[in-house]
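Scroll down for the structure; my scribbles are underneath it.
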Amino acid sequence: MTNAGATLVERLKELVGAAHVLTAAADIAPYVVDHRARYRGAALAVARPRSTDDVAAIVRVCNDANVPLVPQGGNTGMCGGATPDARGDAIVLSLARMREIRDVDPANATITVEAGVTLGDVQDAAHAAGLLFPLSLASEGSCTIGGNLSTNAGGTAVLRYGNARELVLGVEVVLADGRVWNGLRALRKDNTGYDIKQLFIGSEGTLGIITAAVLKLFAAPRTRVTALAAIPDVATAVALLATLKQALGDRLTGFELISGVALDVSRKHHPGSPDPLPGHPWYALIQVDDSAADAPLADIVEATLANVAARNLVADATIAQSRDQADRLWALRENISEAQRREGPNIKHDVSLPISAIARFVAQTEAAVVAAFPGARVVVFGHLGDGNLHYNVAPPAGGDAYAFLANTPAVNRIVHDRVMAAGGSISAEHGIGQLKREELAHYKSAVELDLMRRIKAALDPRGLLNPGKVL
């Protein structure tokens, strides 16, 4: 560590306490590797502020010293967006100690929380007030609100409630020069100029550091129905989705498309998982909610599934008869990513398309991938209700998984070219980070990239906030 670096570290210790500035290699190690262990970096130190004032002070000191900052929440991201590079000159700014739930306002149906509060804790606080915070992810026990907002997280309830962006009324942000913008307005209507908060949501900490947010709450569901349907192909799944939307309206909360291959991988690595409808190529996991305690949802869902079965849109179906059964069906879906991690490295894509284009995309893209890489296994699952697919390509059975990763650029081109040709996006809910930075530059227009760079230069002129991410 240089003298300048040592001086900066001592200054940080004065600001937040020596116990909350980590410098030992063993202490820093968990903060400089991403969730998938794909990216490993280095850091001068890890600073762990407790308050917005702490964050602002740290940012000012680092700005004065021209030292980059890498904001980090629960470190559950998928694209290396919270991992520093290998130079070792950055400060990792962990917001994990900022865990205060500042306010719950049932009458206004809002909750105000700090960035380090886990998604699960926000859900629990809403539940305690008889309300619902609908953002739901497999990592909700460890991911944080700051991270969720920085990537505009999606999850399983976007079909009904929208992405994280739609669930935010206001934010508090520390700017690159250490000033604090207090935009914590709990208003549904506010037409006083530019909607500045949207610049910071989804920008992965490259424009400012979100330290708190006002989030929308909703009526809690009192009646829930979970069903698993076996279907012959993706086109049929799209038709089934349209039928359920017509029958159920906005009570249709989730509609997850899962390939038989994906379910097989999930069960393989989670022994004891249910297998109620074995042997089908595709499945739809359906979630229906109503805030009325006496809503006849089960009867409606059962009648609707019987009707679509008569039209050959469903080969078979099962409806959970208890909360435990419903949880076990959802675990099948939520365990897929972890099962793939245990299976070994694979080439991942988080894409979105118009729902009407998905069936053709799936068929044509798998054919192209397998033609280029014989034996490659395509593992597809995702949120069909909002057009988001997790399209992952695994090596041939018994193949060298790490060697197969060398094909990532070629596989990306096959997948992403078809996504863009269909009017889609190469990133639906995981962000850009380091993983897709070059892909973003490849597919974005020159005009759009220029606008993004101008915004970055205006808000972070010295380029110290999360450098090397997004742009």
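Every number here is computed from the coordinates shown, using simple stated rules; none is lab data. Not measured: the values here are computed from a predicted model. For neighbour counting, all protein chains shown are included, and Cβ atoms are generated from backbone atoms with ideal geometry for every residue, glycine included.
Some points to look at:
- Spacing of the two label points (7 Å from each Cα toward its C-beta) at R453 and R311, in nm: 5.1
- Percent of alpha-carbon pairs separated by more than 17 Å within the range 412-465: 46
- Under 22 Å from K268, Cα to Cα: lysines that are on another chain or at least 8 residues apart: K348
- Translational diffusion coefficient (Stokes-Einstein; Kirkwood radius from C-alpha pairs) of the chain at 25 °C, 0.890 mPa s, in µm²/s: 105
- What you get for the range 3-94, charging only the Cβ of Lys and Arg (+1) and of Asp and Glu (-1), is a dipole of about 240 debye around the Cα centre.
- Computed about the Cα centre, the dipole magnitude for the chain is approximately 680 debye when only Lys and Arg (+1) and Asp and Glu (-1) carry charge, each at its Cβ.
- Centre-to-centre separation between the Cα atoms of the range 322-371 and those of the range 287-304: 27 Å.
- The angle between the Cα long axis of helix 446-459 and the main principal axis of the chain comes to about 40°, on a 0 to 90 degree scale.
- Pairwise Cα inverse-distance average, inverted: Kirkwood Rh of the range 101-219 (Å): 14.1
- For the range 60-102, size of Cβ-based charge dipole, Lys and Arg +1, Asp and Glu -1, in debye: 220
- Couplings for the range 412-422, taken from phi via the Karplus curve 6.51 cos²θ - 1.76 cosθ + 1.60 with θ = phi - 60°, read 4, 5, 4, 6, 5, 4, 6, 4, 5, 5, 8 Hz in order; Gly and Pro are left as x.
- Fully extended contour minus Cα-Cα distance, from N108 to E338, at 0.36 nm per residue: 79.0 nm
- Phi to ³J(HN,Hα) by Karplus 6.51 cos²θ - 1.76 cosθ + 1.60 over the range 370-380, Hz, x for Gly, Pro: 5, 5, 7, 9, x, x, 4, 10, 9, 10, 10
- Counting Cα-Cα pairs of the range 189-228 in 10 Å increments starting at 0 gives whole-percent bin shares of 19, 33, 22, 22, 4.
- Euclidean distance of C-alpha centroids, the range 126-163 and the range 395-471, integer Å: 24
- Net length gained if the chain between R328 and A293 were fully extended (0.36 nm per residue, minus Cα distance): 10.3 nm
- The range 9-151: relative contact order as a whole-number percent, Cα under 8 Å and 6+ apart: 21
- Across all C-alpha atoms in the range 223-337, the radius of gyration and Dmax reach 13.5, 38 Å.
- Cα convex hull volume per residue for the range 344-446 (Å³): 100
- As a proxy for reagent exposure, T236, T318 were ordered by neighbouring Cβ count within 10 angstrom, fewest first; the result is T318, T236.
- Listed by chain and number, the lysines whose C-alpha is less than 21 Å from the C-alpha of K456, apart from same-chain residues fewer than 8 away, are K197, K436, K444, K469.
- Global form of the range 221-285, assessed from the alpha-carbon gyration tensor, a/c cut-off 1.5: oblate
- Angle between the chain longest axis and helix 323-334 axis [Cα atoms, degrees, rounded to 10]: 70
- q = 0.17, 0.19 Å⁻¹, the range 3-94: log10 I(q)/I(0) [Debye, one scatterer per Cα]: -0.65, -0.81
- In whole percents, the pair-distance distribution calculated for the range 280-324 from its alpha-carbon pairs, binned every 10 Å from zero, is 22, 54, 22, 3.
- Sequence-separation-based contact order of the range 223-337, relative, with Cα cut under 8 Å and 6+ spacing, percent: 47
- Calculated SAXS-style log₁₀ I(q)/I(0) at q = 0.24, 0.25, 0.26, 0.31 Å⁻¹ - the range 344-401, Debye, Cα scatterers: -0.96, -1.01, -1.06, -1.29
- In straight-distance terms, cross-link reach from K245 covers every one of the aspartates and glutamates whose alpha-carbon lies under 20 Å from its own, apart from those fewer than eight places away in the same chain; here that gives D233, E256, D289, D290, D299, E302, D316, D386.
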